[in-house]
Ligand SMILES: [Zn+2]
């Protein structure tokens, strides 16, 4: 559990998540591939490749012929809703320095108030006449969005429309004669973290995050409370399952950025990252087509657990419980890519592993979320199943999942990666 918590806490942005996944893969003997260079893949080889430093694919070629065995793939996403700093962010109001922010993804905004916020991301700069970039993480509370006292808004508990332009800029400091600029703070941070002196900061992608770390909570420590459980929990489980599974089986893990904003980017699931990587693995079109038709993709993303205070938001026959095992997500309108064949495969896998399994269908009179599952299924033509851990407070700054579901999911996903083909073993 501590490893998971470290991963969650040290991955405040998709860049950090990708760097942490890459370093774990490298430690486990996976070799980095560079998309700009020619690849010489060896049979049985283990590799990983990143794009935009925010999406990553790990691939294990295994011993079997890919055209005959197919690939067991798991997909998840590295991004989470958050507040992103604008390019010219400084706002001076009444002696306070604030930073203007844009809301990234469908964030639940109220929980962002009164938290101890820090800042992390990627900074691009000029140094010694060269352009370069580094990841930074201030890793300490340096800003907050204070609520308005209830005395000044007596209707605050009756529903509250948050204006994203005016109400969200976090307060960074009080200003005196010497007013800091964000670019200066970033240059100082580059020196502190990377020893780079006098960098001229040119651009950045920075987001605020909650400093409070992941924790086990509940009377019996039933729950995990953390930021970004959607979907770093699945990224972590995919990584661990890959590394813990039978090395002789071909396998692929893909964790992409920009899911929370529709996945349409060069490194997102709508983009060609996976397809191009598969083509480079299997340049022969016939072999690739056969491989894909023997393959199975598990799209792992959190599922809405039935909330005891809002139980009527669920179909009463499809209310997944925390700690009751992975949730198969089904939607006849293909918001989830699950079909009866892929669901049956996964149910059988859970049965073999003695792990409970649940089903989720959204209420017929409500809209439904989606995942990278239908996107990847429709781009590649690969049989897919959408699953995930039951979660509360999805897209809040602090989400809640079941601590036992970590073991449940890990067991099933490790078994999934330890075999090939589209039939369970028994
Ligand atoms: Zn998600």
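Quick note: the coordinates plus some simple rules give every number you see, no bench work behind them. Remember, it's a predicted structure, so these values are computed and weren't measured experimentally. No Cβ is skipped: glycine too gets one built from the backbone with ideal geometry, and neighbour counts run over all protein chains shown.
Annotation: the residues 91, 224, sorted from fewest to most other C-beta atoms within 10 Å of their own C-beta, follow the order 91, 224.
Could you identify which residue out of 88, 137, 161 has the top mean-square fluctuation in a GNM of the chain using Cα springs shorter than 10 Å? Of the options given, 161 has the highest mean-square fluctuation.
A simple packing score, the average count of other Cβ atoms within 10 Å per residue, orders the peptides 378-390, 195-207 as 378-390, 195-207, with the highest score first. For the chain, find the longest principal axis of its Cα atoms and tell me its angle to the long axis of helix 14-27, 0 to 90°, nearest 10. That helix lies at roughly 50 degrees to the long axis.
Sorted fewest first by neighbouring Cβ atoms within 10 angstrom, 1, 366, 73 come out as 366, 1, 73. Taking every alpha-carbon pair under 8 Å whose residues sit at least 6 apart, region 240-324 reaches a relative contact order of 12 percent.
Angle, helix 403-417 long axis vs. longest principal axis of the chain, Cα atoms, 0 to 90°, nearest 10? It is inclined by approximately 40 degrees. Taking the Cα centroid of region 368-417 and of region 322-365, what is the distance between the two, rounded to the nearest whole Å? Region 368-417 and region 322-365 have Cα centres separated by 10 Å. In terms of other Cβ atoms within 10 Å, 236, 310 run from fewest to most in the order 310, 236.
Put simply, when 152-159, 311-318 are sorted by average Cβ atoms within 10 angstrom per residue, most first, you get 311-318, 152-159.
The gain in end-to-end length when the residue 114 to residue 153 segment is fully stretched comes to 12.4 nm, 0.36 nm per residue minus the alpha carbon separation.
Here region 128-270 has an Rg and Dmax of 21.0, 65 Å, counting Cα atoms alone. Just the Cα atoms of the chain, one point each, no solvent: what log10 I(q)/I(0) does Debye give at q = 0.06, 0.09, 0.13 Å⁻¹? Treating every Cα as an identical point scatterer, log10 I(q)/I(0) equals -0.26, -0.58, -1.15. Pairs of Cα atoms nearer than 8 Å and 6+ residues apart set the relative contact order; for the chain it is 22 percent.
Once you reduce region 176-191 and region 1-71 to the center of their Cα atoms, the two points are 35 Å from each other. To the nearest ten degrees, helix 229-244 and the longest principal axis of the Cα atoms of the chain are 40 degrees apart. When you restrict to C-alpha pairs under 8 Å that are six or more residues apart and normalise by the size of region 142-243, the relative contact order lands at 15 percent.
Once you have the alpha carbon radius of gyration of region 307-382, what is it after dividing by 2.2 N^0.38 Å, with N set to its residue count? Walk me through the numbers on the way to the answer.
Working: Rg = 13.4 Å, N = 76, 2.2 N^0.38 = 11.4 Å.
Relative to the 2.2 N^0.38 Å estimate, region 307-382 comes out at 1.18.
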